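*Asks:* Before I ask anything, here is the structure I am working with.
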Amino acid sequence: MIIISIILIISAALFVLAFFYISRIIATLPKGRTEEFLESQDFTNKKIIACIGDSLTHGNYGQNWVDYLREEFPNDIFLNEGINGNTAWQVLNRIDPILKCNPDLIILMIGTNDALGSFDMKSGLRYKNNYNLPEVPSFEKYREHLLELINKIGLSSKIALCTLPPIGEKKDSLINQHVKKFNDYIEVVADEKNLNLLPVSDSLWLDINSRTYPLKSDYNPKEIVIIRSICSGLFHHYLFKMSWNDIAKSKGQWILFDQIHLNERGAKIVFHLVKKFLSKSQF
């Protein structure tokens, strides 16, 4: 009985240590942010590309596609301004310091949390409370904030606007019908404002169609299901060193390890889209 108690205590202690270890990792801001660049005063003739968004750009929940760009274009500066949990409203409220860097190009991929938070009332209240938002996210407010954000950037930098990745990998699901509204609007804005459009959504769906194993489950908006799926992936990656691809495969996913965040396969698709654009673009 004593031995069992000791084992339970040790197991609980190890779990707590693992929890705090992973919490510290995911709370860490991305490398190469605006503040670091401004403090370095490295105002050389290098091109400055600001990658702005949420956890899909931040890159510690899943694979970091900005790091792929840094490896591919070592002579350019890539600012990683992806912040976990951000909505368009939050990006709008932190854009000024980024613009002080005078980026030559801004790659903007924002809206997934707006879509998640506006999908149902419980999700909306969760986002509002967890991230101290002034109101529950909505499609209408996203439209307003995205336009305001683009207008604030104005002519100071060239913009490449990205459509949003899927949420779950079932194309006709309710959540992806909801995401499609956001992507349709992004395409309209890109056309009206004469912005460069990077078709992240179409490219990811095209690759999902080549999945070599069956889909096991779909996105579930219940908080406990989301937390369990994300935490399971984080534990397997950071503690047991499983690749994001292998974690996704174990769950029957192709590009999303937890129904929301990109694995290596998904991140490389985003990387190749941006790489192609940078290679052809004059900015």
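*Asks:* Those residues that are of a type in the set (S, T, N, Q) and either open to solvent by less than 30 Å² (accessible area, probe 1.4 Å) or in contact (Cβ under 8 Å) with a residue 12 or more places away in the chain (or both), I need them from the range 173-189; list them, please.
*Replies:* Ser173, Asn176, Asn183
*Asks:* Does Leu204 satisfy being open to solvent by less than 40 Å² (accessible area, probe 1.4 Å) and either touching a Pro at 6+ places or on another chain (Cβ under 8 Å) or in a loop (DSSP other than H, G, I, E, B) (or both)?
*Replies:* Against the criterion (open to solvent by less than 40 Å² (accessible area, probe 1.4 Å) and either touching a Pro at 6+ places or on another chain (Cβ under 8 Å) or in a loop (DSSP other than H, G, I, E, B) (or both)), Leu204 qualifies.
*Asks:* Which ones in the range 209-267 are in a loop (DSSP other than H, G, I, E, B), among the small types (Gly, Ala, Ser) and either in contact with a Leu (Cβ under 8 Å, 6 or more places away or on another chain) or more than 16 Å from Gly59 (Cα to Cα) (or both)?
*Replies:* Scanning the range 209-267 gives Ser210, Ser217, Gly252.
*Asks:* Could you say which residue among Ser217, Ser203 is modelled with pLDDT under 95 and of a type outside the set (Asp, Glu)?
*Replies:* Just a single option satisfies the conditions, and that option is Ser217.
*Asks:* Still on this structure, please answer the following. Looking at this structure, is Thr57 in a loop (DSSP other than H, G, I, E, B) and not aromatic (Phe, Trp, Tyr)?
*Replies:* no
*Asks:* Same structure again: Being part of a helix (DSSP H, G or I) and aromatic (Phe, Trp, Tyr) is the filter; apply it to the range 60-86 and report the residue that is most open to solvent (accessible area, probe 1.4 Å).
*Replies:* This residue is Tyr68.
*Asks:* Another question, then. Select, from Leu79, Leu125, Leu133, the only residue that is within 23 Å of Leu195 (Cβ to Cβ) and not small (Gly, Ala, Ser).
*Replies:* Checking each option against the conditions leaves just Leu79.
*Asks:* Could you check the range 255-283 and list, in sequence order, the residues that are of a type in the set (A, V, I, L, M, F, W, C) and either over 30 Å from Leu105 (Cα atoms) or modelled with pLDDT under 95 (or both)?
*Replies:* Phe283
*Asks:* Given the condition assigned to a loop (DSSP other than H, G, I, E, B) and touching a residue at least 60 places away in the same chain (Cβ under 8 Å), answer yes or no: does some residue in the range 30-49 qualify?
*Replies:* Within the range 30-49, one or more residues are assigned to a loop (DSSP other than H, G, I, E, B) and touching a residue at least 60 places away in the same chain (Cβ under 8 Å).
*Asks:* Still on this structure, I have one more. Would you point out which residue out of Lys128, Lys122 is in a helix (DSSP H, G or I), in contact with a helix residue (DSSP H, G or I) (Cβ under 9 Å, 6 or more places away or on another chain) and either surrounded by fewer than 15 Cβ atoms within 10 Å (Cβ to Cβ) or of a type in the set (Gly, Ala, Ser) (or both)?
*Replies:* Lys122
*Asks:* Of the numbered conditions (1) open to solvent by 40 Å² or more (accessible area, probe 1.4 Å); (2) at pLDDT below 95, Glu192 satisfies every one except a single condition; which is it?
*Replies:* (2)
*Asks:* A follow-up question, please. Quick check on my filter: what residues within the range 87-116 are outside any helix (DSSP H, G or I), open to solvent by less than 10 Å² (accessible area, probe 1.4 Å) and within 30 Å of Ile175 (Cβ to Cβ)?
*Replies:* If the condition is that a residue be outside any helix (DSSP H, G or I), open to solvent by less than 10 Å² (accessible area, probe 1.4 Å) and within 30 Å of Ile175 (Cβ to Cβ), then Thr87, Ile106, Ile107, Leu108, Met109, Ile110, Gly111 are the ones that fit.
*Asks:* If Glu148 satisfies every condition in (1) modelled with pLDDT of 95 or more; (2) more than 14 Å from Leu108 (Cβ to Cβ); (3) open to solvent by 30 Å² or more (accessible area, probe 1.4 Å) but one, which is the exception?
*Replies:* For Glu148, the exception is condition (2).
*Asks:* Given the options Leu161, Leu195, name the one that is closer than 23 Å to Arg94 by Cα and either under 19 Å from the mean Cα position of the chain (by Cα) or basic (Lys, Arg) (or both).
*Replies:* Only one candidate qualifies: Leu161.
*Asks:* Working only within the range 268-283, note down all residues that are more than 15 Å from the chain's Cα centre (by Cα) and part of a helix (DSSP H, G or I).
*Replies:* Scanning the range 268-283 gives His272, Leu273, Lys275, Lys276, Phe277, Leu278, Ser279, Lys280.
*Asks:* Among the residues of the range 153-172, is any open to solvent by 10 Å² or more (accessible area, probe 1.4 Å), modelled with pLDDT of 95 or more and assigned to a helix (DSSP H, G or I)?
*Replies:* No.
The values are calculated or read from the model by the stated rules, or taken from the named source; none is laboratory data. Predicted model only: the values in this text are computed from it and were never measured. For neighbour counting, all protein chains shown are included, and Cβ atoms are generated from backbone atoms with ideal geometry for every residue, glycine included. Just the protein is used for accessible areas: all its heavy atoms, side chains included, with ligands, DNA and RNA removed. Shrake-Rupley method; radii C 1.70, N 1.55, O 1.52, S 1.80 Å.
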